[in-house]
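Below is one structure, written out as structure tokens; comments come after it.
The values are calculated or read from the model by the stated rules, or taken from the named source; none is laboratory data. Predicted, not measured: the structure shown is a model, and the values here were computed from it. Backbone-built Cβ (ideal geometry, glycine too); neighbour counts: all protein chains shown. When the accessible area is computed, the model is the full protein with side chains, heavy atoms only, and any ligands, DNA or RNA have been set aside. Shrake-Rupley method; radii C 1.70, N 1.55, O 1.52, S 1.80 Å.
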Amino acid sequence: MNTVTRLAPAKINLGLDIVGRRTDGYHLLETVFQAVSIYDTVKVTLTEEPEIVLTCDASGVPSDARNIAWKAAQQYRKAAAMQTGIAIRIEKHIPMEAGMGGGSTDGAAVLLALQQLTDNALHEETIHKIAVKLGADVPFFLYGGTVYATGIGEQLERLPAFHAPYILIAKGTAGVSTADAYRAIDTQKATSHPPVQVLRQAITKKKPFSEIAPLCGNLFETVVELPEITEIRRTMLEHDALCSVMTGSGAAVFGIFGERAAAEQACNILRKQNMFAKICNTLEGL
């Protein structure tokens, strides 16, 4: 076997708060990650050529060391002392600049594919350390499911699987720079924080989704101002979403619905506005 193809799931942040900053500048967060059934497809092949070659079907995706998937291959190859080259092919279905972890999940998929291709050449702890270096969201994508995370996102605690009947995710044409969003957080002192600990406890106690949905929240909503986000949230709430919350640093928004018909109505309206809109499911794990 010299090729492995993996589905790389997107994520939403059911809750997200920034609780501090390290001396090296990294922000300390408190979040509940949830994997959802929107996927990129990542194909990894071991080659005789010595290079790492990355291609993608989406324009604007870098094919060099700026890409987390490329960096993942480089770091893995170095740690495992591999002599072969690595070819990576990515089919993008997760919107970019959406706060859904598209780049991070591709990077994690490369690490997991290389583990398969090398018969687990690296210890799990080593894989986790590489993931942390690659980015705050990458460690979560090694496991998926429902996870409470602290630190910069690398300290993970598995939670009971969160099940919601229908989740609608939508994003307009505008994107949000993660770096700009964090800078905005730094310059604005938040007076109200999302109840991430209460959310965590509710999921741990396996409360019904109707009680969990109102606890979802995101501190970045206080600094990210995009008309499209406002319109998405309004449309979802007008069609009986139990919550409508931005994910990550934006610009995608998720809504939790109790009825599929209501989710489909909101989805159709948003698509007519030339937005990405898709109904998906929560995932229990990889």
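Quick notes
- For the chain, the relative contact order works out to 23 percent when only alpha carbon pairs closer than 8 Å and six or more residues apart are counted.
- For the chain, the longest principal axis of the C-alpha atoms and the axis of helix 124-134 are separated by about 70°.
- In the chain, taking the dipole from charged Cβ atoms about the Cα centre, the farthest positive-side position among G101, G85, V42 is held by G101.
- Rolling a 1.4 Å probe over the protein heavy atoms of the chain, with every protein chain left in place, gives an accessible area that is 48 percent carbon and sulfur.
- Cα Rg, Dmax (largest Cα-Cα span) when computed across segment 1-154, Å: 15.1, 47
- L286 long-range amide H proximity, modeled H, under 5 Å: G145
- Cα long-axis angle, helix 178-187 against the chain (0 to 90 degrees, to the nearest 10): 50 degrees
- Local charge for A58 was computed over the other residues whose Cβ lies under 10 Å away, with Lys and Arg +1 and Asp and Glu -1, and equals -2.
- The residues packed around C267, meaning those with a beta-carbon under 12 Å from its beta-carbon, carry a net charge of +3 if Lys and Arg are +1 and Asp and Glu are -1.
- Legend: calculated FRET efficiency, R158 to N281, from the Cβ-Cβ distance at R0 = 22 Å, rounded to 0.05, equals 0.75.
- Each pair of Cα atoms in the chain enters the Kirkwood radius, and Stokes-Einstein at 4 °C and 1.567 mPa s then converts it into a translational diffusion coefficient of 67 µm²/s.
- Cβ-defined net charge surrounding G151, 14 Å radius [Lys, Arg +1; Asp, Glu -1]: -2
- Highest-first arrangement of 37-47, 249-259, 105-115, where packing means the average Cβ count within 10 Å: 105-115, 249-259, 37-47
- Per-residue extension of 0.36 nm, minus the Cα-Cα distance of D57 and K205, leaves a gain of 49.1 nm for this segment.
- Computed label-point distance, nm, for sites V198 and L28 using a 7 Å Cα→Cβ extension: 2.3 nm
- Span from the segment 77-143 Cα centroid across to the segment 160-177 one, whole angstrom: 22 Å
- Heavy-atom accessible area per residue - the chain, 1.4 Å, Å²: 45 Å²
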